[in-house]
Structures are given as C-alpha cells and as structure tokens.
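Enquirer: Once you've had a glance at the structure underneath, I'll fire off some questions.
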Amino acid sequence: MATPKCPKCSNTNAVRNGVLNGRQRFRCKQCHYNFTVEKAGKSISSYYVIKALQLYIEGVSYREIERLLGVSHVSVMNWVKKYQIKVPENNNYHPTYKILSNKELAEYFSKPENVSGAGMIVTELGDKFMLIKWERFRE
C-alpha cells in the first residue's frame, strides 16, 4: 500500500494510525495531522458537471438542470461556486431550449424559419440533443 499524501502539508511521510468507521486513518509525521484517504459517497462524471455549467450559463434554473440531468440542484450550485461561474449581466437575450431526438432535430433544421434570426447551440444530452436558442429582445 502506497503512503498517501497529507492533505494539509502535502508530505508523503505518513504512518497508519488506526481505523475509523471501517476506513484506514493516517497520521502525518511532519505536521501530525490525522486524515483518511477513501472518499465516502459517489462521484459524478465530469460530463454532467460540464453540461450543468453550460446550462447554467445559458440561463437555465438550478431546478430545471436537476430535472434535465438527474443531478441534485445543490450539486449544481456547489459546482457554480467551485468554478466561480458568473452569468453575464445586462443580458439582452432570452434563452429557450428544447430536448429533441435525432429525428426531431433533423426536422427542426429542415425548416428555414427555425434557423434564421437567432443564435443556437446544439449539444449532446445522453441519447437526445439539447437545442438552446436565443433571440434579442424586441424593444
């Protein structure tokens, strides 16, 4: 078993120091900090983190992101804080989005009125596609 790195001082000189709730504890010889290395809980794929942040930037609410991706809205809020994502201020755009299958997306693009006068992003969302479309507000 390789000796883990101390989370406090990054020293690799640590010794085993008992077991707590079935997890091995270590004690750093340099700073005397006690720590465990196995993380409890599940990890979420970076795919979902990136998709959630893309949706947040486009103006989709936390709860709606939760419904679309199946990831907790609290996790999305934590990612926004962690990566310091800011939504642009004074945005004169109103994003709208649709979840479409491959066939529906092809039909959507076949109509000229759907692709003129607005910006669009199409991104993969599992076995479907998310089309985000925004138009300038008419003033």
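The values are calculated or read from the model by the stated rules, or taken from the named source; none is laboratory data. Being a predicted model, the structure only gives us computed values, none of them experimental. Using ideal geometry, Cβ is built from the backbone for each residue, glycine included, and neighbour counts are taken over all protein chains shown. Ligands, DNA and RNA are stripped out before the accessible areas are found, and what is left, the full protein with its side chains, is counted by its heavy atoms. Shrake-Rupley method; radii C 1.70, N 1.55, O 1.52, S 1.80 Å.
Enquirer: What's the total number of residues in region 75-113 that are modelled with pLDDT of 85 or more and open to solvent by less than 70 Å² (accessible area, probe 1.4 Å)?
Expert: 12
Enquirer: A further question follows. So how many residues does region 1-30 have that are of a type in the set (Ser, Thr, Tyr) and open to solvent by less than 80 Å² (accessible area, probe 1.4 Å)?
Expert: Step one: list which residues in region 1-30 are of a type in the set (Ser, Thr, Tyr), which gives 3, 10, 12.
Narrowing further to those that are open to solvent by less than 80 Å² (accessible area, probe 1.4 Å): 3, 10.
Matching residues across region 1-30 total 2.
Enquirer: Could you figure out which of (1) closer than 25 Å to Trp134 by Cα; (2) at pLDDT below 85 isn't true of Val49?
Expert: Only one criterion in (1) closer than 25 Å to Trp134 by Cα; (2) at pLDDT below 85 is unmet by Val49, namely (2).
Enquirer: Next question. I'd like to verify a number: residues in region 1-53 that are touching an Asp or Glu at 6+ places or on another chain (Cβ under 6 Å) and assigned to a loop (DSSP other than H, G, I, E, B), how many?
Expert: Of region 1-53, the ones touching an Asp or Glu at 6+ places or on another chain (Cβ under 6 Å) are 23.
Okay, now just the ones that are also assigned to a loop (DSSP other than H, G, I, E, B), so none.
Result for region 1-53: 0.
Enquirer: Let me ask another. All but one of (1) within 30 Å of Ile85 (Cα to Cα); (2) open to solvent by less than 70 Å² (accessible area, probe 1.4 Å); (3) in contact (Cβ under 8 Å) with a residue 24 or more places away in the chain hold for Phe35, so report the exception by its number.
Expert: With respect to (1) within 30 Å of Ile85 (Cα to Cα); (2) open to solvent by less than 70 Å² (accessible area, probe 1.4 Å); (3) in contact (Cβ under 8 Å) with a residue 24 or more places away in the chain, Phe35 is out only on (1).
Enquirer: Would you say Val87 is in a helix (DSSP H, G or I), at negative phi and among the β-branched types (Val, Ile, Thr)? Write out each step before concluding.
Expert: Details: in a helix (DSSP H, G or I): no; at negative phi: yes; among the β-branched types (Val, Ile, Thr): yes.
Against the criterion (in a helix (DSSP H, G or I), at negative phi and among the β-branched types (Val, Ile, Thr)), Val87 does not qualify.
Enquirer: Follow-up question, since we're still on this one. Suppose we filter region 52-65 for residues that are of a type in the set (D, E, K, R) and at pLDDT below 90; how many remain? Give the steps one after another, and end with the answer.
Expert: If we filter region 52-65 for residues that are of a type in the set (D, E, K, R), which is where we start, we get 58, 63-64.
So of that shortlist, the ones also at pLDDT below 90 come out as 58, 64.
Total meeting the criteria: 2.
Enquirer: Next up: What single numbered condition from (1) free of Cβ contacts under 8 Å to residues at least 60 places away in the same chain; (2) open to solvent by less than 60 Å² (accessible area, probe 1.4 Å) fails to hold for Tyr62?
Expert: (2)
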